[in-house]
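Accompanying notes for the structure given below.
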Amino acid sequence: MKIPIEISARHMHLSKEDFEKLFGKNQTLNSIKNLSQPGEFASDKVVEIINKSKKIEDVRILGPFRKNSQVEISMTDAYNLKLSPFPQIKVSGDVANTANILVRNKNNSIKAPCIIARRHLHASAKEAKKLKLKNNQNISIKIGGIREVTFHNIIVRVSEDFKLALHLDTDEGNAAGIAGKTFGELARKG
């Protein structure tokens, strides 16, 4: 079974409370583009993330709101921001014991946990069953092409709300030479 590969650029998830701190209670999180995972979208709101004199502008807010806010960046972003302590590689949503970064828009700022998202495979229960995969299982996926690579330590995330897709960050996508629509294949089940 071919597995669609998607590259996830730096972005931020916000709780409703933090959204209101940054943008105000009268503002709304409006979709400008639906993402591949059902119900998820890129919003019309952006922020900048700051570490001392280093910053990255136009970090897109993704919706819908989450229980906890978090910033997701690549290792390259972390190096460019000169972050110390260096962000941990974690499953999205796991913000326990995570260092914060300053997040700012035109008028307000907050501190939010900052992680490098662990590569992961989204799958519905039906897709996971077809591939003989279980939630939280570690797998490997091979991506062919001129820069053929096999990614290991991919965590499987199963939910009825998910659609089959491997999510890599921009560093991983660039290393594999991914441009445009790309597919991989299951190489190993852990």
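The values are calculated or read from the model by the stated rules, or taken from the named source; none is laboratory data. None of the values given here were measured: they were computed from a predicted structure. Cβ: placed from backbone, ideal geometry, glycine included. Neighbour counts: every protein chain shown.
Details
- In a residue-by-residue description of segment 4-14, the property of being touching a helix residue (DSSP H, G or I) at 6+ places or on another chain (Cβ under 6 Å), in contact (Cβ under 8 Å) with a residue 60 or more places away in the chain, of a type in the set (A, V, I, L, M) and part of a loop (DSSP other than H, G, I, E, B) applies to at least one position.
- Any chance residue 146 is in a loop (DSSP other than H, G, I, E, B), touching a residue at least 12 places away in the same chain (Cβ under 8 Å), touching a Gly at 6+ places or on another chain (Cβ under 8 Å) and not basic (Lys, Arg): yes
- Any hit, segment 108-121, residues being modelled with pLDDT under 95, assigned to a loop (DSSP other than H, G, I, E, B), of a type outside the set (Lys, Arg) and more than 24 Å from residue 162 (Cβ to Cβ): no
- Candidate set from segment 69-121 (those that are farther than 25 Å from residue 20 by Cα and of a type in the set (S, T, N, Q)); member that is surrounded by the fewest Cβ atoms within 10 Å (Cβ to Cβ): 84
- The single condition among (1) over 20 Å from residue 170 (Cβ atoms); (2) within 19 Å of the chain's Cα centre (by Cα); (3) in contact (Cβ under 8 Å) with a residue 12 or more places away in the chain that residue 52 does not meet is (2).
- Answer residue from segment 27-49, given it is of a type in the set (Val, Ile, Thr) and surrounded by fewer than 16 Cβ atoms within 10 Å (Cβ to Cβ) and is farthest from the chain's Cα centre (by Cα) among those: 28
- Checked across segment 170-183, the condition of being basic (Lys, Arg), exposed (fewer than 14 other Cβ atoms within 10 Å of the Cβ) and on the phi > 0 side of the Ramachandran plot holds for no residue.
- Of all residues making up segment 93-127, the number that are of a type outside the set (Lys, Arg), without any contact (Cβ under 8 Å) to a residue 40 or more places away in the chain and within 23 Å of residue 172 (Cα to Cα): 5
- Here the condition is being out of contact with any Gly (no Cβ under 8 Å at 6 or more places or on another chain) and either aromatic (Phe, Trp, Tyr) or under 26 Å from residue 4 (Cα atoms) (or both); of 18, 77, it holds for 77 alone.
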